[in-house]
Structures are given as C-alpha cells and as structure tokens.
6 protein chains.
Amino acid sequence: MRLAYSTWPEITAFLADSKTVIIPIGSNEQHGPMGLLGTDWMCPEIIATAAEKIAQKNGQDMMLAPTFNIGMAQHHLGFAGTISLRPSTFMAAIEDWVLSLARHGFDHIYFLNGHGGNISTIEAAFSQIYSHYSYNNKTCPLTLKLKNWWDLPGVITLCNQMFPVGHGSHATPSEIAVTYAAYPEQVRHVELTPKIPPTGPILDALDYRARFPDGRIGADSSLATIELGQQIINTAVTGLLTDIQAFSAEQKPA
Amino acid sequence: MRLAYSTWPEITAFLADSKTVIIPIGSNEQHGPMGLLGTDWMCPEIIATAAEKIAQKNGQDMMLAPTFNIGMAQHHLGFAGTISLRPSTFMAAIEDWVLSLARHGFDHIYFLNGHGGNISTIEAAFSQIYSHYSYNNKTCPLTLKLKNWWDLPGVITLCNQMFPVGHGSHATPSEIAVTYAAYPEQVRHVELTPKIPPTGPILDALDYRARFPDGRIGADSSLATIELGQQIINTAVTGLLTDIQAFSAEQKPA
Amino acid sequence: MRLAYSTWPEITAFLADSKTVIIPIGSNEQHGPMGLLGTDWMCPEIIATAAEKIAQKNGQDMMLAPTFNIGMAQHHLGFAGTISLRPSTFMAAIEDWVLSLARHGFDHIYFLNGHGGNISTIEAAFSQIYSHYSYNNKTCPLTLKLKNWWDLPGVITLCNQMFPVGHGSHATPSEIAVTYAAYPEQVRHVELTPKIPPTGPILDALDYRARFPDGRIGADSSLATIELGQQIINTAVTGLLTDIQAFSAEQKPA
Amino acid sequence: MRLAYSTWPEITAFLADSKTVIIPIGSNEQHGPMGLLGTDWMCPEIIATAAEKIAQKNGQDMMLAPTFNIGMAQHHLGFAGTISLRPSTFMAAIEDWVLSLARHGFDHIYFLNGHGGNISTIEAAFSQIYSHYSYNNKTCPLTLKLKNWWDLPGVITLCNQMFPVGHGSHATPSEIAVTYAAYPEQVRHVELTPKIPPTGPILDALDYRARFPDGRIGADSSLATIELGQQIINTAVTGLLTDIQAFSAEQKPA
Amino acid sequence: MRLAYSTWPEITAFLADSKTVIIPIGSNEQHGPMGLLGTDWMCPEIIATAAEKIAQKNGQDMMLAPTFNIGMAQHHLGFAGTISLRPSTFMAAIEDWVLSLARHGFDHIYFLNGHGGNISTIEAAFSQIYSHYSYNNKTCPLTLKLKNWWDLPGVITLCNQMFPVGHGSHATPSEIAVTYAAYPEQVRHVELTPKIPPTGPILDALDYRARFPDGRIGADSSLATIELGQQIINTAVTGLLTDIQAFSAEQKPA
Amino acid sequence: MRLAYSTWPEITAFLADSKTVIIPIGSNEQHGPMGLLGTDWMCPEIIATAAEKIAQKNGQDMMLAPTFNIGMAQHHLGFAGTISLRPSTFMAAIEDWVLSLARHGFDHIYFLNGHGGNISTIEAAFSQIYSHYSYNNKTCPLTLKLKNWWDLPGVITLCNQMFPVGHGSHATPSEIAVTYAAYPEQVRHVELTPKIPPTGPILDALDYRARFPDGRIGADSSLATIELGQQIINTAVTGLLTDIQAFSAEQKPA
C-alpha cells in the first residue's frame, strides 16, 4: 500500500493490522557523467515499490510512505544539480516525518536509505527524537531503523560478484544499473576517463571537486546495464521483504 | 528537462541558456474519503511534468526540479497518513533547496504550489532568504516566485464553470480530478455524506477534525472525473508555459 | 482596558468576564518622504486605543495588549530607520507573546495588523503554535486571528472612495492620514516626484530601493489629510468593535 | 529626534552628524497591586523621551528608537498580564534590532534598560552579536552598551534618600513613582499587606508566586508619589544626557 | 564524591542522601603571557576537588560533576588557544547538563564559576530552563545557583589584601596563583611590559586585542606565587564547604 | 604540548611549525557496575596525554586540546550520573570548538573519540561545518577527522586477543582496563550477574534499561585488569603517534 496513493480511511484501516511504515530516503546529487542526479532516492524507491507490489499480491500488505528525496549532500554541491539539506535541517525534517507518522499510530518506522552521506545525520536524528523521551523519563513507543539498500540480505555480495573491479563508492555501477533497469530510456553512453577514477576522503565541496573531477569515486559507471540492474533489484526486493517482516516483529521490552 | 533524470554535465549545459528552475511543491495530507493523500504534491507535479514535455518538444526547454512533497499541514494531522513539517523546518528546507540551486547559477526559482496551507510559510521563507542580503547590504541575485497551480491563467475560471456548486476549498473536485486524470487506476467511488460538507476556519488538528469530520471543507469531491481533470491539466499547462516565459524574462533593476 | 496600564489583579478580574485580548502589531519601516517610520504600528494602535475607550464607555470592556512594534520589513532595510525582525525571530516572538497570554487564560487572541509584510510570518507563527498541539494529539484552547486594519468592515471601501487614484500599496495616503489625524504635529509637506510612483514586486532590500527610489509604491502620500485620517479612524473603530464582538463569541467545537 | 516619528530622509540627515541611537528597553510584567504592568518599559521611555526634548531644545539632537517593550520575565508569569520572551527569543530579537540599525550606519547603540531581569540576556545577546566578528577575524564597527536607568548618575543615591526603608527590589516605590509622575491618572491607592513584603531568590514562576504572593519583593510601593517620581525623572534625565554625550565620544582603538 | 570517577550504582546510592551537585565551570582562554589558557576552568576545579576531599574525610560527602571547561570567551578569540562557545550554544549545553542531572533526581545544582564572561550567559540559561515550567504552569523541582569562586566567603577580601595594587580583572595574580599552586611545574617567569596594563570595556575580539595587547586587563600577573595561591585555595575551600551546606538546605516554598 | 597548560604566546609559537590539534572527545555515561562514568572521555584523554609526552620527548611536539567530556548519550539517561547533550547541542558545540581553533590557524583537527554513540553526531557536525563553505562556493581550509581510539592501528586486534569472549560493546573490559591502568585506585571488584549480559539494539533510555538492566552490553567488565589496560594504552599510543603524523601530512588538492 502506497501511502500517497491512498485515502485517509484506507490508512486508518491498514493501521488496524500493522504499525510498520517504510520511508525510501535518498539524495539528489551528481552521480558522474552517466548517473542520474536522482539515483540515490530512486534506488530505494524502485526497490520498495517493487517489494510493495509483491507484498500486496501475497496478501501481506506493507505501507510505503512518499519518498524523502533530498538528503545531506553538501560535498556534491560543486556539481550542478545537486540539492542538499544542511544536517540541522535534515534532522528537523526527519523528526517531523517521524512525529507525524507516530501521531497516527505507526511505531515501527523503517528508512530504506540510498545515500551513504545520509547515514550519520539520520542516526543523529533518531537520537534527537529519542532524546525527548530519554530526558523526560517517558516511555517511547517508537522503533526506528535505518537500512541502506545495499545492506539488504544478499545485495552487496551480488554487486561484488558482478563488479569485482571498479565498483567504487560513488556513481557505482550497481546503483546506476538499478536506475537504468527502472528507467531504460535514461541509459547514458559516455566515454569515461579514466575508466576507474581515484578514491579518497570526503570533505567540503571544492575539495571534493578537486579530488574527483567528474564526480565519481573509484567507480566505473560504464559497467552498469539494465540486465544487471534488474538482478540487483530482484535480490534487494527479496531481502527487503524478509527484513521488513523481521523488523515488524521486533518488540520493545515491557 | 527533469533535473533528477539528468546528469550534472547536462545541467551545466542547460545553465548556459537559462537560469530558471521550477519546483513543484505540495503536501501529503488527507483529502477526504475520495482524495489521495498525495493530491497536493501530485497536482503541481502532474502539471509541471506535462508542461516540461511540451516545452521540450517546442525546443524551449525548461528545468523541472524534483518534487518537494511534504509541506505544512499541521491542521490535517488528525487524519491518518498526513505528514507535516513544522513551519520552522519547512522554512529551513526551502532555504536549503534555494541556496543549493543558487549555488549552481539558477537565479529565477519558481515554486509551483499545490497546497494553500503552504503559502504563508513559503512566503516567510522567501523573506528569510532575502534577509541575508538585506541586513548585509548585499546584492541578491535571486528572484523567487510562488504560484499556486489554480492561479495559473484560466484555471480558476474553468474550475468555477465546471463546479458552480460544491467546489469548496479542501478535497475539491478540481484537485481530485487532476489526480484521477493522471492516475486513472486510483479513482475512488465513495458515498459522501453530506454531499457538501461545512466550511469554517482552520486552526489546530483536533479542532479541524471536529469541524470537518471526513476532512473535506465545502467540497463535493464526487464531482471529480478523469475527463474534467484532463481539461484542467490542459489549461494549467498552457498557463504555466506562458507564466514561466514571462517569469524568466523578469530582470532585477541594475 | 489597556493591559500595560493595569495592575495584575485588575487583569485577573477582567479574565473572569472575558478571555479575549487584542494585540496591535505592525512594523517600523520607511514610509516614503512624508510618512512616519512608525506608521504601521501606529495605525493599529491608534484604532485599537480609540475603540478601547468607546468600549469602556459602553461598559463592554476590551483588553488591549501593548503594541508589537517591530515586524518583518527586510525589504525596507535599504532606507534609514527601518528596523526588522527576521521571520524566524518574528515567529518565536509571536509564539512567546501568545503563550504568555494563554498562560493567564486568554484564549481568543486577536492581532490587529498594520503591515502587509507581516501577514505571512504571523500566519506561519500561528501554525507553529498550533503544531505543538497537533503533533501531540492535544486539545488546543486557543483561537488566534489576524486582521489587517484596512480589512475591518467598511475601511477599504472608504479609502477607495477617498483616494480613487494614487492609493497605491506602500506609504498610502490612507495610512499616513491615520497617523496625521492622531499626531497632527507630525504632518509633513514634501514635494513628491513623481506624484504617483511605480508599482512592482517586492524582493530584497537593494532591489526594492532600485525599483522604488523614495520608498513609496504606487502611492501619492500627499493626498493624506488630518480630516480624512479621522474619518478612516472612525470607520475602523466601528468595524473593530463589531469584529471583536463576533470574534469573542466564536467557540471551538466540543 | 524620535525615530518612529521621523521619515527616512530625516534619519539619513541625522546620520550625517551622529551615529548614536538610544533604545528604551524593558518588560511587561506584574508590579504588585499598585504598579502598572508596563512599568519597566515605561520608565526608560519616560526618561529618554524627556531627555530627547531637552537635547532637541539645546540643539544637541539625540536619536530615540521605538521602545522594546517585552523582555525576559519568565519568573513573573504566575501573575496575570505578564508577557515574556524566552531568553533565546529575546537574544534573537535584540540581534535583529542591532543589525537593522547598524545597517543604516548607527554604530553606538545604547540600551536604556528598565528591568533587572533583562540584564543577563541583553549582555549575552551583545556577546552573540560580537561573536560573528570575533570568530571570523572581522573588524566590528559596533559599540553596544547597556545602562539601567537607576544606574544613571545620581539616581540610586536619590532613591535611597527618598526611600531609606522599603525600597526593595521589585515594584519599588521609585519605579512606580516614575510612572505615576508620567501618568498621573494611573495612580492607584491600595492597602498593602504587609507593608514591606519579603525578599528572596528568583527562580521559576510558581516558586516566585509562592514566595512573593502579591508580586512585590521587599518594596513598599505605597511610598510612591507623583512628586517624588518627577524628581527622579529630573535626575535621571540629567544623568542620561551626560552619559550619552560620553558614550557618543567613545572610540574604538584603530 | 567525584561523579566521573564513580559507577552509576554509587551515584544512585548517593542520591538517597543528597540531591546536590556541584559543576565547576569555566573557560579556556588566553590569560596573558604568564597565565595558562585553562586558568578559568582549573580554578573552580582545583577548589571544588580540594573541598570534595575534605567533605569526604568529614563524612559529609558532596557530589562533584565533571568540569565544564569551555565557556563564553568570544572577546579572547584574538589570542591563540582560546576556545569559545557562542552564547546560544553555551545556553543549550548548560540546559542539557541540567536536564540530565535533574533526570536522576538532582534538584540543587550549583555552578562554581571561574570566568566573569560566563555569568550573563549562565544566568540566561537558567531563565531558559525555568521558562519551560513557567510558561506551562508546572512545578519546577530545580534550584539552580551560580557562584563565582572569588565570591566565596572571604576570598575577595583576601585577594585585595594580597594584591592591593595590580590585581586587575583579567589574568589576575590571584587566579594565576591558584593554578600555580595546583600545578607548580607550570609556573612561568615572564617580563611583563607594562607591569600594570590598561583597563577598559570589553567588546569584540579585535577591539580587545587592540586595547589589551598582551591580553591582561589591569593585572600584574607576576605577583602570583605558589604560596599565595595555596592560601587562596584554602580560603575558597572553606567558603565553598559552608556555601554548599547552606545551599543544600534551601527549600522551595510548598 | 597541552593547550590548556600553555600560554597564548606559546600556542602562537607552536603554530609556526604545525597546524594540527588533537581533541580527546568522549561522554560521561554509565559503564555498568564496574566502569567509571567518565570512562569514555578518560580513555582518549589517557591515550592522547601519554602520546603527547612521548612526542615531546622525541622533539616532535603535538598539540593536545582540552578534553570534550560530554557527548551524546541519551540512551544511557536511565542510569544515574549520565550527562548527555542532545545531538543538536552537540553539533553546535563541536562547530564552535572547530571555528575557535580554526580562527588561530589550526587546519588539521583530529577528534580522538571514546564513545561509539558520538560518531554519527560528530560526522554530522563535520558536514554542518563544511556546509558553510560548500553552499557559498568558498575554499575550506579545514581537514577534520574522527578516529575512535579502538580503531587506532593494532588496538582492536589486541583487545580481541585479550578478550576472545565477553568483550561486548558497552562497559567492555578493554575500556575499563584502560581507566584502571590510569587510575589504579579506582579499580572496582563487583560480582556481575550474568557474567556476560545480553546484546541488542540501542533505542531510547527506558528501552535501554529494560534490555540491559545493569547497563552492560555483551561485556564481561570483570576481565579488566591494570596490566591489560597498560598494554592497550601502549599499543594505542604508538598507533596514535603514527596516525597523527600521517594526518598532519595530508594536504588538500590545490
């Protein structure tokens, strides 16, 4: 069940059975000469949407929130098209999403993340949310979880098999393949020089651009294909369905 | 040109010709028993996406940013599925979007809005952004504009003709028709009681729910049809293309 | 009853009968070569103070808070004497005023506004205040209202009759007339060139000054007279007394 | 010269001669059964306005900003009519006032304060303002000063002579006398029990009310008279004129 | 009992007998050519640690929190090694410390301060903390107190006797003597020119450096000796033990 | 060279040779029945202080800032003595430390961390700091680094050898051993039941206490000894000296 494509009485009905909700979360940032700016929010959206369809077919409905499409990408601001939230803004927004959903009774909130640069801030936001309860000695109904799509069962192993050389860490062939599979009309063919760009630390935007002139970090994006992307999606979907089932079953101690 | 579906070199190329960008902005909130929770961000997205296709075909490309899908909807939090940002968070997020896009050279930023409850906060955010320049006696390169899709040339006149009775102001047949036209598989058939619900002031969430028990304000959502929705979209698209052209031509005095 | 000119036991006594309080709110900003910097906070103060005297005489006391004299006027900062709050500060201050008054039992809080540039931020502040209740599923005792003095019954019609040409939108003859009527010793006689200045959009401070060199927007301030000002005050006072009575009677649904 | 009662070209003209501006700042809070809620903002306003008239007559004009009428009075919130800003809001507002005035060229900004509870927060706000320069190694043009009216030359000595017993520290006969002198129609006659109330520490609002049941701290407000108030005003005005002259002459080292 | 050198069950046991906790608080900032950057946090730490040992020996245990070592020192940022918090950050941090300790049951929280520049912000932070209770009509369990170590009984008198000339107000021989007594290996011998530097107002960092070229204000730091420092410590320790006993006995009215 | 135990001219002299500074950072939080509340800030302080001595002896001085002793520990607030900063406060404080040190010319800032719960917020703070440069297209002079002491070369391997069973993740024998080695008088002997407590996820404070009743996570703290602690310190010190040398040599691309 996709929240945005539902009416409120339908959400109320869903809540009678389940309190779990999945939020695809990513970033809109440069992904080199071949990757779409939306790659990092598209990947979790693609995977979660496909999983939701299967769940629905299986009669085990899951709730999919709208996609949180802008994250923390300050280091990519040297490349046109990147849109970033400051960490402080990002934290406030995550808190508001969580408190809104909690208001309706959702108490298991699962962020399926598509951007490594989001991780720290999302975790800090979780702590900020928990703090309200912890300082005030109050019982917190919430179980919050962050999962990167590449950490879903089976995914990283598959990617490493597919791309033993040149997977890298930004504008990777795996993430680009996922978007190509979902949007075949968006496949780019670009001559990459060098095939495999350097790696290095991530600091501010101008430093990033100087280290990584076309935006890629250690990744040969040209290895991405629609077919490989579809295989990754399939594995991720299976992993997500399993992971959500386990997550939904988690209970806080009395 | 859709920003999220582009690569950064493509955005750089676009910027050589135009500094205008359109951001569809809305809200995810209850729209009564027949309207989708995503109605308010879908409407501007639907209209802007359709306009972008025509512009592209006409060789007058326009840049379409990803959709800003969560706005200020505190008054709808009494209905399941509503997700809201506090005004302070919303303002910070708008500022970060604007400053990111300005970083790349966009200086005409046009928010196509789908939610009346967003207007005040977006306007306040504009003033917050301008303040940095105004307090510090600095030249501001930005021209920011907020336009509600129903205020595009011709749209409200058309809606009033279509729905002389029961248009109302929330969960209106016009906005629901637009989403039905774009997502025909999402059409709902629900018996509404009363056909035309009451109107009244908007305060906090519990007050809202007490005044407007099924979420609608003065609107007979059941008047929405796919066909009427398509007509509205057509008119809005034409209006948007005109409005953007005029907006792009606006220049600040030297 | 004027709050600042009362003792706390007198306020306590008042609260036994009424929970309504009026806050004149405005801005301190340039009003062209003829208008006082305080025009926008003086106008609501003048009208509310006059209304309070009549109410008192009629035995229908109304509570008048001190004047909130600095608002959001970033766009006027290019002209000497303008004092502005950033929207974020303005919102926090409005919230603190409201929560202070609510602490004592006032639950109908009416802002009589004198500055168009305040509207968005005041409305956003109301939403911020309501949010505390809406996210937390709590009953909110407050009814907050913003009313511009020129929107009081009868006022704008009168002004349009008085000034069919050259009323404009900033440093208008109507607002200046109101201050001249209240402070006759402050009447200025200045040659205005052009009589009727241009109109246009409002962005940042330097842009504003470039578009509107003497600060006025479309307004021939020289049409203001003490006599016309007194007529406007009279009409506004009557309108305010009526509006407050209706506002005090508003009840939230159980 | 009173800023709010001037036009912007008049302020521009003033700035050719002087960069000093005085801001009367106080609080709106309970002052016991005899004192007006506005006492703390009225006192500096009364003194500064009287000084401004003399200065003008003497041809040594001084610039008087509008009164900052709401300060930090959280501890008085247990008594009806008190309006307080949180320290964080108060600091932001002071910063915005200062930055607005600095924008126009005022570089000597003098806060004439009427409320002891404001002192810490105003001083903290000054440090916050200076911080922008200090962290960034920038030359700061501003000289900020806080002066309590009772610390003006001669004032506290006079008050101690007038009220050797029962002056106390809140709702003092001296501050009430100043308001009675300025607003003779506001004189209250109330039986105070006990004549001299207890003293003690100031913590939160409920604690304050429990310690000081009628709001006064150690003060016999009934000693206030119009005549004594006028004497205090006279002394304070002389002190202020002297102090401002010295302040305006202060220069930062090159 | 030193909190950081205890286990949580030991703190729990302590709380059965006492709810008082002492926080040494200071600053890390330049103290001229002879004083250590840590002087202002070392002094209260040295005194409190010595007092704690005596209390323990006497069977009257007192709880000593870790040292809050960075305060508000924006004006010293022109000298290498100074680390400062902005007032807004400082206030938030004090609030978090207090709310954490309050969470465990501590309700008498005593800040032993070593830096004059901290006073305003700490007091403002106290008001911010109390505000939560005051706006919401809630009983506040907390009694917060700020005490500068030089204001402990007997201390300032002793310092004035020791240093009748050249005590000054920054990098004073008394504070430096305290650190020399505690860290004899840190004694510096430096030729100071002039022996007694100027005094003056404190504004921003560059202004400070221009007025006080070696960082001292009116203080002949070279008068500091280990022996004098030990005497000051002894007096301060006795004063602190007395003061804490009185503070612990303070009760809020019912 | 220890910053707090230096004078400002000594820091200025140091800066002629090196721009690197090390900040020990940790937390003050429960560490089970045997571990000190200060464990997490003591460990990096102990290691860094020992390394600094060696560096000094070797003529390769390194700059050691004061210890940042309170971090993000909201989940431990259910146990007495824990003091935590909210993530938002923690970020602001880290920013102020960094900007203060950067003001003096330090451009390589190395946080030696002792608390896993700090990592996300410190990383988010780095991004917040970088953001100022990245949004504004400015060159950032800073290289910021976070290193957990257990991630120093050789340390975790050693700990795993020492404690093949029962190392766990909170109140670990390794961290407790480090503090026992440094403070032998603080060794606790407590019967732990069970020897090895459960592991699990970390959410809010009450949840934490319910899952981990004595505060430990998977750790048999009783394995800690002074001797093992000293071995860990030795290894960590060597690792730190190596790591700092490499870090100091890192250069940003031109």
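The values are calculated or read from the model by the stated rules, or taken from the named source; none is laboratory data. Since we're looking at a predicted model, the values are computed, not measured. Please note: Cβ atoms are built from the backbone with ideal geometry, for glycine as well, and neighbour counts cover all protein chains shown. Keep in mind that these areas ignore ligands, DNA and RNA; they rest on the heavy atoms of the full protein, side chains included. Shrake-Rupley method; radii C 1.70, N 1.55, O 1.52, S 1.80 Å.
Compute the distance from the alpha-carbon center of region B:60-113 to that of region D:148-187, in whole Å. Using only Cα atoms to place each centre, the spacing works out to 54 Å.
Ligands, DNA and RNA left out, the 1.4 Å accessible surface of the protein assembly as shown is 54% carbon and sulfur atoms.
Looking at chain D, the DSSP beta bridges with both ends there are about 15 percent antiparallel. DSSP finds beta bridges in the protein assembly as shown, and of those with both partners inside it, around 15 percent are antiparallel.
For chain A, the solvent-accessible area of protein heavy atoms averages 32 Å² per residue (probe radius 1.4 Å; ligands and nucleic acids excluded). Taken over the C-alpha atoms, region F:143-235 has Rg and Dmax values of 14.1, 46 angstrom.
Tally Lys/Arg at +1 and Asp/Glu at -1 over every other residue whose Cβ is under 12 Å from the Cβ of residue F:96; what's the total? Show your work: numbers first, answer last.
On the way: positive: E:86, F:103; negative: F:95.
Net charge in that neighbourhood comes out at +1.
3J(HN,Hα) along region F:222-233, derived from phi through the Karplus expression 6.51 cos²θ - 1.76 cosθ + 1.60 where θ = phi - 60°, amounts to 6, 6, 5, 9, 4, 5, 4, x, 5, 4, 5, 4 Hz, with x in place of Gly and Pro. Per residue, the convex hull spanned by the Cα atoms of region A:201-244 amounts to 115 cubic angstrom. Restricting attention to region F:3-249, the count of lysine pairs at 8 or more positions apart or across chains with alpha carbons under 28 Å apart stands at 10. Taken one residue at a time, the phi angles of region C:124-139 give Karplus couplings (6.51, -1.76, 1.60, θ = phi - 60°) of 5, 5, 4, 4, 4, 5, 4, 3, 3, 7, 5, 5, 9, 6, 10, 5 Hz. Gly and Pro are set to x.
Across the identical copies, the 7 Å label point of residue B:200, projected outward along Cα→Cβ, sits 4.5, 4.5, 4.6, 6.3, 6.6 nm from its counterparts, in ascending order. Take every Cα pair under 8 Å whose residues are at least 6 apart in sequence, average their separation, divide by the length of chain F, and the relative contact order is 24 percent. A Gaussian network model of chain F, with springs between Cα atoms under 10 Å, assigns the largest mean-square fluctuation among F:84, F:174, F:131 to F:131. Out of F:213, F:194, F:173, any idea which swings most in a Gaussian network model of chain F, alpha carbons joined below 10 Å? Maximum among the listed residues: F:194. Counting charges near residue C:243 (Lys, Arg +1; Asp, Glu -1) among other residues having Cβ under 15 Å from its Cβ returns a value of -1.
Taking the Cβ of residue C:11 as the centre, find all other residues whose Cβ is under 13 Å away and add up their charges (Lys, Arg: +1; Asp, Glu: -1). Its environment carries a net charge of -1. Remark on region F:98-178: Rg and Dmax equal 16.7, 51 Å (Cα only). Computed from backbone phi, the HN-Hα couplings of region E:18-25 come to 8, 10, 9, 9, 10, 10, x, 9 Hz, rounded to whole numbers (Karplus: 6.51 cos²θ - 1.76 cosθ + 1.60, θ = phi - 60°; Gly and Pro given as x).
Per the Cα gyration tensor, region F:3-249 maps to an equivalent ellipsoid with semi-axes of 32, 22, 14 Å, ordered largest to smallest. Just so you know, the Cα atoms of the protein assembly as shown work out to an Rg and Dmax of 33.0, 94 Å. Per the Debye calculation on region A:6-67 with a single equal scatterer at every Cα and no solvent contribution, log₁₀ I(q)/I(0) for q = 0.13, 0.20, 0.22 Å⁻¹ amounts to -0.44, -0.80, -0.89.
When the charge dipole of chain A is built from unit charges on Cβ atoms (+1 for Lys and Arg, -1 for Asp and Glu) and taken about the Cα centre, the candidate among A:84, A:253, A:1 whose Cα reaches farthest toward its positive end is A:253. Each pair of Cα atoms in region A:33-122 enters the Kirkwood radius, and Stokes-Einstein at 10 °C and 1.306 mPa s then converts it into a translational diffusion coefficient of 109 µm²/s.
Helical runs assigned H by DSSP (4 residues or longer) give chain B a calculated mean residue ellipticity at 222 nm of -14000 deg cm²/dmol, each run adding -39500 (n - 2.57) before division by the residue total.
Taking F:31, F:76, F:132 in turn, the Gaussian network model of chain F (Cα-Cα springs below 10 Å) assigns the largest fluctuation to F:132.
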